[in-house]
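Notes follow once the structure below has been shown.
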Amino acid sequence: MKTSAHTEVSEKLNTYMNTLADQGYFNGAVLVAEENRTLMSKGFGMANFEHDVRNTSTTKFRLGAITKSFTAIAIIQLQDQGLLNDNDPISLYIPDYPNGNIITIHHLLTNSSGIPDYSSFPLYWEKTMRLYSTTEQTIESFKDKPLQFTPGDGCNYTSSPFILLSYIIEKVSGISYQKYITNSILSPLNMRNTGVDDGRTLLKHSASGYSIYKGIIPTEYVDISLHAGAGGMYSTVEDLYLWDKALSRDGILSQQKWEQLFGSNTSPFGSCGWVVTEQFINNKTRKRVWHNGTMNGFYSEFNRYIDENITIIVLSNVNLTPVDVICERLAKIVMGEEVVPPNPVVRISIASDELRKYAGIYNTGEETNSKDSVEEAQLREALDKLTSIDNPKFAVGLFYEIFYEYGIDPTKTVVVTYEDDAIYLFMQKNKGAWFKYEIVPVSKQDNSLTCITLHIEERVEFRIEPNGRLRLTHLDPHNHRTDALKRTV
């Protein structure tokens, strides 16, 4: 590609990302490269809202499950040194592990072990994630849980196997996981701004993690020691580009290993820390090697289009950010497909009494009729209680208590609250978690109101049906549509 063409693409990338950032839809850092030329490497928005510190291309972000690609390469290195084999049963390294004689290292690497995910257990969010845990203690939390299937007979995305791999790396190498990754991968690749986070070392130029409850709020605390080789690393977009180069055809992997990792499609759950699949962009099917990662307050995605030699890395420190959508749109721009940035949000004025009418409890299941099992007075009581929850730390727990008290199914429900002369959407999103964020009116007709949400690029429309019922239609960044009817009599 000629320099002028690269410049034009860079301008389009900057226009798109600047628009997202200006509208409050993105806080984080982005790197886009093609044919070993960096088209964009830039930070956007805030690394720390409390102190007005901005993100840059060298800001450190927690990576979540992108850590797994480093853990997998560590295992491959140890195998190349003859210190282990991926066909070994894990009982060779963890003698007392249940079913360790039929679970292999290969099963751990490929999400085919049947071991359940420790982060899905009861009390994880309320207690477990907040406590310091050694690798051995984390293993103890899931080792006696029943397998979800016979190893090798299925696949399921889970992080527990990568905790076991972390332990095996320590057992075989004789040093900590942190030291092994630093000495054998990061230092040789000059990845100076990448490491295994212990949560107790001062990391300069690191982003704080945030969530959303009405506005931007600090995320819930997690003791990162719990996650080790499953999600415990941090990095920058520029360092991850060094990692991308190391994993190219002429990088640190032998040709045979490279083909094993990236030569053919994986299951949807991935293998060795990567998912190999296809994506249709600009009228052509593209081979895509990718993985995302979440950690409290952080959401990241790493995309590699290996046939086109295109790399797209998006790291965000606001956990509701649709980094997968942003990555895909950036890829479309690089590959010549038209991407239109979102229009500026121009709020229109709606009288308070009118705006209050949209608040309510909406049912996403089968249409309810006027003989709804929950009376209108009860719905009003439930809505008043939901609106009065000010502390986001307890919002979800109280939310469920209120719904169970009034016999309302939370799996088929969207809530709209009226607070401080504004309306807020309260609904399930990432991994079933509940978020509340403001709905901004931008257009009104006789029987409809169109709104744009703050902090995330979504669209909500309220429409009065012929029978007088109020319908809510929600369109998320993935173009997934949710329809719901207001439950009134």
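The values are calculated or read from the model by the stated rules, or taken from the named source; none is laboratory data. The structure presented is a predicted model; accordingly, all values stated were derived computationally and were not measured. Cβ sites come from the backbone with ideal geometry, for glycine too, and all protein chains shown count toward neighbours. Heads up: the accessible areas ignore ligands, DNA and RNA and are worked out on the full protein's heavy atoms, side chains in. Shrake-Rupley method; radii C 1.70, N 1.55, O 1.52, S 1.80 Å.
Values computed for the structure shown
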item	result
Test: residue in region 19-38 that is over 23 Å from K332 (Cα atoms), in a strand (DSSP E or B) and open to solvent by 10 Å² or more (accessible area, probe 1.4 Å)	no
Odd one out for D421, checked against (1) open to solvent by 10 Å² or more (accessible area, probe 1.4 Å); (2) out of contact with any helix residue (DSSP H, G or I) (no Cβ under 8 Å at 6 or more places or on another chain); (3) farther than 22 Å from L123 by Cα; (4) not β-branched (V, I, T)	(2)
Residue list for region 278-329, restricted to those being surrounded by 23 or more Cβ atoms within 10 Å (Cβ to Cβ) and touching a Pro at 6+ places or on another chain (Cβ under 7 Å)	P322
In region 192-227, residue nearest to N319 (Cα to Cα) [restricted to those that are part of a strand (DSSP E or B) and touching a Lys or Arg at 6+ places or on another chain (Cβ under 7 Å)]	Y213
Unmet criterion (only one of (1) over 25 Å from the mean Cα position of the chain (by Cα); (2) touching a residue at least 40 places away in the same chain (Cβ under 8 Å)) for T158	(1)
Failed condition for S267, given (1) under 30 Å from I224 (Cβ atoms); (2) assigned to a loop (DSSP other than H, G, I, E, B); (3) among the hydroxyl-bearing types (S, T, Y); (4) free of Cβ contacts under 8 Å to residues at least 60 places away in the same chain	(4)
Count - residues of region 402-418 that are over 28 Å from M295 (Cβ atoms) and in a helix (DSSP H, G or I)	5
One residue from L261, L247, L242, L253 being open to solvent by less than 10 Å² (accessible area, probe 1.4 Å) and under 15 Å from S69 (Cβ atoms)	L247
Failed criterion for I456 (all others in (1) farther than 23 Å from A351 by Cβ; (2) open to solvent by less than 10 Å² (accessible area, probe 1.4 Å); (3) touching a helix residue (DSSP H, G or I) at 6+ places or on another chain (Cβ under 7 Å) hold)	(3)
Selected residue (criterion: farthest from Y16 (Cα to Cα)) from residues of region 310-344 that are of a type in the set (D, E, K, R) and in a loop (DSSP other than H, G, I, E, B)	E337
Test for I217: is it β-branched (V, I, T), more than 25 Å from L31 (Cβ to Cβ) and touching a helix residue (DSSP H, G or I) at 6+ places or on another chain (Cβ under 9 Å)	yes
Failed item, numbered, when I168 is tested on (1) surrounded by 19 or more Cβ atoms within 10 Å (Cβ to Cβ); (2) among the β-branched types (V, I, T); (3) touching a helix residue (DSSP H, G or I) at 6+ places or on another chain (Cβ under 6 Å); (4) under 20 Å from N101 (Cβ atoms)	(3)
Qualifying residue in region 164-174 (condition: part of a loop (DSSP other than H, G, I, E, B) and modelled with pLDDT under 95)	no
Cβ pairs under 7 Å, 6+ apart, first in region 337-356 and farther than 28 Å from V325 by Cα, second at pLDDT 95 or above and among the β-branched types (V, I, T)	L355/I423
Residues located in region 331-344, provided they are within 20 Å of P477 (Cβ to Cβ) and open to solvent by 50 Å² or more (accessible area, probe 1.4 Å)	E337, E338, V340, N343, P344
